[in-house]
Structures are given as C-alpha cells and as structure tokens.
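Written below as structure tokens is the structure these notes are about.
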Amino acid sequence: MTDSAIPEVVTDTRTMTIETPRTAQRRFRPSGSTVVMAIYLLFLMLPIYWLLNMSLKTNSEILGTFSFFPRNLTFANYETILTDPSWYMGYVNSLIYVVMNTVISLAVALPAAYAFSRYSFMGDKHLFFWLLTNRMAPPAVFALPFFQLYSSIGLFDTHIAVALAHCLFNVPLAVWILEGFMRGVPKEIDETAYIDGYSFPAFFVKIFTPLIASGIGVAAFFCFMFSWVELLLSRTLTSVDAKPIAATMTRTVGAAGVDWGVLAAAGVLTIVPGALVIYFVRNYIAKGFALGRV
Amino acid sequence: MNKTVNQKAWFLVLPVLLLVAFSAVIPLMTVVNYSVQDTFGNNQFFWAGLSWFDDMLHSDRMWNALGRQMLFSAIILAIEVPLGIFVALNMPKKGVWSSFCLVVMSLPLLIPWNVVGTIWQIFGRVDIGLLGYTLDALGIDYNYTQNTLDAWVTVIIMDVWHWTSLVALLAYAGLRSIPDAYYQAAKIDQASRWAVFRYIELPKMAGVLMIAILLRFMDSFMIYTEPFVLTGGGPGNATTFLSIDLVKMALGQFDLGPAAAFSLMYFLVIMAISWVFYTVMTTLDKRDGK
C-alpha cells in the first residue's frame with residue numbers, strides 16, 4: 001500500500017521540476033551517463049570494428065595503406081573460408097560439440113539443481129562446493145590427463161570427447177545457475193501438484209519446467225558460451241575430424257607470412273554465433289550473469 | 001526456503017556425480033599419480049615420493065610465475081571491479097538503448113579466447129593495427145613484442161576489454177533489484193549521491209559483486225589462451241603466467257612429474273582462495289535471507 005503511495009508523490013515533484021528553466025536547459029545537453037556509456041561502448045567496439053574492417057580488405061591493402069574503411073571492398077576472404085571444407089568444417093565441428101555439450105550439461109544438471117534447491121541430504125553442502133571446485137579447475141591442469149583418458153578409451157578426435165571434457169566446467173555452472181532460478185519458485189507449487197496426483201516426472205516436465213524456462217534458457221546460453229570460447233581442451237583433444245574453428249585459424253600462418261585478411265574474416269565469423277545467441281536471451285542476460293541470484 | 005530432509009535426493013544428483021567423477025576425478029587421479037612418480041622412459045615408473053613437490057617449492061621458475069600471476073590478478077581486480085561498477089551505475093535503466101547496451105557489452109564475452117588474442121594482436125601492431133599505429137603516430141615508442149611494460153599494458157587492456165562487461169552486467173543486475181522506494185526514501189532524506197551509493201546501492205550489490213569478484217579471480221588466475229596468442233608469454237618470460245608455464249612444462253617439455261606437482265599446488269591455491277570467497281558469499285546470502 002505504502003509502496004504505491006510514494007511513487008505518486010515523486011511523479012508529482014518530477015512534473016513540477018521539469019518546468020523550471022534549469023532542467024529545461026539540461027535537456028539539450030547529453031547527460032554524463034550517456035557520455036560514459038558512449039565512450040565505454042566505443043572502447044568495446046573499436047577492436048571488433050578493426051577486425052571487420054580488415055576482413056573486407058585485400059592483403060596488399062592491409063599491409064600497404066592505413067585506412068578506416070576498405071577502399072576496394074572485397075569479400076574474397078569470406079569466400080575462401082565458406083568454399084573450403086577444411087575451413088568451414090571447423091565451424092561445423094565447433095557447433096556440433098557445443099550443442100552436444102549444452103544438451104548433456106542441461107540434462108544432468110536439471111534434476112541435480114532440483115535436488116539442491118528443494119531437499120537437504122547428507123553431504124549436500126560439501127557436494128555443492130566440490131562441484132564448484134571443478135569450475136575453478138584450470139583447464140591447463142586437465143589438458144594432459146584428458147588427452148590420455150580419451151585416447152585410452154578410443155574417443156580421441158571425436159566430438160563427444162570435447163563435449164564431455166567441457167562438462168567439467170559447464171555442469172557445475174549449469175547446476176549453480178539453475179539452482180538459483182529454482183529457489184525462486186515457491187515450494188507450495190510442488191506440494192499442490194503432488195496433492196493433485198502428479199507423479200514426480202510428470203510434475204517436473206509439465207509444471208516445473210515451464211516455470212523455470214528462462215532459467216533453462218540462461219543456463220543453456222552459458223553452456224554454449226563457455227564451450228564456444230574454450231580452446232585449450234578442444235585443441236588438445238582433436239586432430240583432424242573434430243578440429244574446432246579456433247584451432248583451424250592457426251592455418252593462416254603460412255610460409256609466405258600471415259594471411260591477415262582470411263584470419264580477420266575467420267575471426268569475424270566466430271563472433272556471429274555468439275551475437276545471434278545474445279540476441280535471443282538479451283532480456284535475461286543481466287539476471288543470468290548474476291546466476292539467478294537477484 | 002525450508003528444505004525437507006530427503007536422502008533419496010541423492011538419486012537426482014547421481015548423474016551429475018557420475019559425469020563429473022568421470023571427467024574430473026579420473027584425470028585428477030592421473031595427475032596425483034604422476035606427481036609422486038619418476039620415469040626413465042619406456043613407460044617404467046617408480047615411486048618418487050614428494051620429491052617433485054619439494055623441487056617445485058624450491059624452483060625459482062614456479063615462484064616467479066606465481067608472482068607474475070598474483071600481480072596480474074590483483075591489477076585485473078583493481079581495475080575491473082571499480083570500472084564495472086562505474087559503468088553499471090551509468091547504464092540506462094530501460095528502453096531500446098538499454099537492450100542495445102546489454103547486447104554490445106556481452107559481445108566480447110562470446111568471442112573465442114584465441115580470437116580475443118588475435119584481435120588485440122592485430123590491434124596493437126604498429127604497422128596494421130589501429131592502436132599501435134596511433135601510438136606510433138603520436139611518437140610513443142610502443143612495441144608489445146619487445147618491451148616488457150608494453151606487453152603487460154597490452155595484456156591488461158585486453159583483459160579489461162574482455163571482462164569488465166561481466167562485472168558491469170552483474171552489478172547492473174544487482175542495481176535493478178533495488179526497489180524504487182529505497183531511492184525515494186533517500187530523496188526525502190536529501191541524501192547525497194555518494195550516500196545513496198554507499199548505504200543503498202553498495203550493500204544491495206554486495207552479493208552479486210562477490211560472484212563477480214569470485215569469477216574474475218578464478219578466470220584471471222587460470223588465464224591461458226589470450227596472453228598465449230598475444231605475446232606467447234614473452235618478451236622473455238615477462239607474461240608467462242601459471243597456466244602458460246604449466247602447459248609449456250607438461251605438453252612442451254613432457255616433464256610430467258614436476259608438471260603434475262605444479263598442477264596440484266596450482267589447483268590448491270585457487271581452491272583455497274575461492275573457498276574464502278565462497279564462504280563470504282554464502283554468509284551474505286544467509287544474511288539477506290535468501
């Protein structure tokens with residue numbers, strides 16, 4: 001009640017102040033916040049713009065002249081990548097293991113997160129911290145053992161090997177995020193569903209999952225993101241058949257020096273999937289980064 | 001929330017347990033195994049006790065790498081946390097402009113780490129990069145492949161570029177959760193901007209800021225790909241951080257014993273510091289009654 005009363009008072013004062021000359025003047029000046037944000041966004045975009053700029057130039061133009069815009073606009077660099085299977089298969093391989101990893105991570109994390117958010121059981125707190133320690137494990141520590149483990153079971157250079165290896169840090173993260181979102185769903189909903197005669201699986205799929213749909217979206221986004229950006233493990237575990245795009249990019253360093261144009265084009269193309277995914281979850285990004293804890 | 005005691009919940013956790021045991025415990029055991037053995041090749045191993053740990057604790061190489069790593073993480077946290085909060089305070093609260101900011105700010109986070117390295121490698125080059133070219137044109141002697149200070153500055157700016165948005169987004173999420181009534185009360189009390197920040201916004205952000213600091217600490221402490229692509233750990237060993245040194249030792253020189261001992265100590269340091277953060281975080285959670 002009091003909450004709704006206060007805004008009225010404030011809106012009143014606000015409409016009153018707008019008419020004073022000082023604020024009227026201020027309206028034509030960009031506020032400090034806008035300037036800060038503009039500078040910050042410019043700082044973020046400049047290096048990316050430079051990469052895009054270079055990808056649209058020929059190598060001789062990159063090395064010969066210095067300009068903010070490509071003089072002879074060329075898409076040859078992109079053509080090289082999109083017509084050569086050894087290039088574009090890198091993207092396909094990356095996407096395959098990233099999707100596999102996201103599906104596996106979510107499938108195992110959902111029930112576990114439910115258990116952590118609803119029940120207390122022997123060793124739950126220790127287990128939760130132990131899971132988190134895996135998020136803290138430096139991939140460098142695991143590179144060699146993973147290589148030996150997956151070689152010995154014949155999974156070296158397969159997509160599933162990379163997908164499983166990335167579960168090391170994605171599963172704990174997914175559990176953490178989902179647990180945060182599930183805590184926000186009142187327990188009474190579970191109890192009502194059981195009284196109504198739902199079995200646990202039916203309740204989970206039909207009632208609970210729709211309630212935390214945004215949480216699942218955010219968790220999927222993070223699994224996608226961390227699997228997509230990781231290089232050390234995916235490079236160590238693959239050689240030819242499942243080689244990720246990030247590793248393929250080292251090919252541009254040849255005997256004749258670096259093929260800057262193609263390197264830049266490949267870089268730009270690795271940004272595209274991320275940008276698409278961001279677009280879909282843009283309204284949940286902030287909450288997602290807070291791991292559902294806001 | 002009051003949780004029901006239910007030991008059957010273990011069955012729900014079981015898949016995660018099995019998967020993580022497969023992908024974490026088995027490899028970690030391999031590392032432990034290597035750390036206490038020595039080999040003369042031919043796959044013949046013999047017990048070496050704790051001698052590798054002893055060696056590593058007395059090796060200048062590891063202490064130097066650890067020192068550089070600590071310095072790097074400290075600088076990163078000192079820059080990114082205040083800057084992130086500052087950016088979050090200036091972010092528009094709603095509308096198209098706000099979504100636009102969110103999307104642009106998330107962009108660096110989704111670029112593969114080696115591409116981040118490549119972007120800055122190009123950007124900093126004196127001949128073809130905007131940053132290097134501009135600095136050179138201004139008469140500043142800048143060369144990140146030769147000069148230690150330049151290399152450090154470039155690596156740090158790169159990391160600030162890459163990760164400040166994460167802190168900003170977290171802080172922003174914290175700010176959005178503050179009810180308007182708090183600000184109105186502050187206005188009635190005629191609180192200064194600083195007082196609003198200190199007594200309303202900062203305490204409300206404390207929880208998410210702890211997550212931000214925890215994530216930034218862990219990730220900066222494990223950093224590998226970006227500086228590896230940018231400087232390759234050079235000039236000399238100037239930007240050889242712990243992970244770079246470890247990969248050099250394990251996969252480059254195949255010194256499995258020392259590398260394994262190194263790994264375990266590295267992991268322990270991260271775990272110990274993270275545990276402190278985690279404890280503080282859960283205490284904060286409880287205090288807020290979540």
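The values are calculated or read from the model by the stated rules, or taken from the named source; none is laboratory data. Please read these numbers as outputs of a predicted model, since none were measured by experiment. So basically every Cβ, Gly included, is an ideal-geometry build from the backbone, and we count neighbours across all protein chains shown.
When segment B:250-268 is filtered for residues that are facing chain A (nearest Cβ under 10 Å) and within 19 Å of A:Gln148 (Cα to Cα), the ones remaining, listed by number, are B:Ala250, B:Leu251, B:Phe254, B:Leu256, B:Ala259, B:Ala260, B:Phe262, B:Ser263, B:Leu264. Do you know which of the residues in segment B:235-270 that are part of a loop (DSSP other than H, G, I, E, B) and modelled with pLDDT under 85 is nearest to the chain's Cα centre (by Cα)? Per the criteria, the residue is B:Thr239. From the list A:Leu178, A:Leu155, A:Leu168, A:Leu149, the one residue that fits, being within 19 Å of B:Leu18 (Cβ to Cβ) and in a loop (DSSP other than H, G, I, E, B), is A:Leu155.
Among the residues examined, A:Gly197 does not qualify as in a helix (DSSP H, G or I) and away from chain B (no Cβ under 11 Å).
The criterion of being over 19 Å from the mean Cα position of the chain (by Cα) and modelled with pLDDT under 85 does not hold for B:Ile119. Could you list all residues from segment B:6-51 that are β-branched (Val, Ile, Thr) and either modelled with pLDDT of 75 or more or more than 30 Å from B:Asp255 (Cβ to Cβ) (or both)? B:Val13, B:Val16, B:Val20, B:Val25, B:Ile26, B:Thr30, B:Val31, B:Val32, B:Val36 - these are the residues of segment B:6-51 that are β-branched (Val, Ile, Thr) and either modelled with pLDDT of 75 or more or more than 30 Å from B:Asp255 (Cβ to Cβ) (or both). Looking at B:Ala181, B:Ala191, B:Ala195, B:Ala212, just one residue is touching a Leu at 6+ places or on another chain (Cβ under 9 Å) and either surrounded by fewer than 21 Cβ atoms within 10 Å (Cβ to Cβ) or under 30 Å from B:Gly67 (Cβ atoms) (or both), and that residue is B:Ala212. Which residue pairs have Cβ atoms under 6 Å apart, sit 6 or more places apart or on different chains, and have a first residue in segment A:97-122 that is facing chain B (nearest Cβ under 7 Å) and a second that is outside any helix (DSSP H, G or I) and charged (D, E, K, R)? Short answer, once both residue conditions are applied: A:Tyr119/B:Lys3; A:Ser120/B:Lys3.
Being surrounded by 17 or more Cβ atoms within 10 Å (Cβ to Cβ), among the small types (Gly, Ala, Ser) and part of a helix (DSSP H, G or I), is that true of even one residue in segment B:118-128? So far as segment B:118-128 goes, no, none of its residues is surrounded by 17 or more Cβ atoms within 10 Å (Cβ to Cβ), among the small types (Gly, Ala, Ser) and part of a helix (DSSP H, G or I). Here B:Ala191 meets the list (1) at pLDDT 85 or above; (2) facing chain A (nearest Cβ under 10 Å) almost entirely, failing just condition (2).
Of the helices (runs of 4 or more DSSP H) contained entirely in segment B:187-234, those carrying at least 1 residues that are of a type in the set (Lys, Arg) fall at B:193-196, B:202-221.
Residues checked against (1) more than 9 Å from chain B (Cβ to nearest Cβ); (2) without any contact (Cβ under 8 Å) to a residue 60 or more places away in the chain; (3) under 26 Å from B:Pro82 (Cα atoms); (4) not hydrophobic (A, V, I, L, M, F, W, C):
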| site | (1), (2), (3), (4) |
| --- | --- |
| A:Met37 | no, yes, yes, no |
| A:Leu41 | no, yes, yes, no |
| A:Trp50 | no, yes, no, no |
| A:Asn59 | yes, no, no, yes |
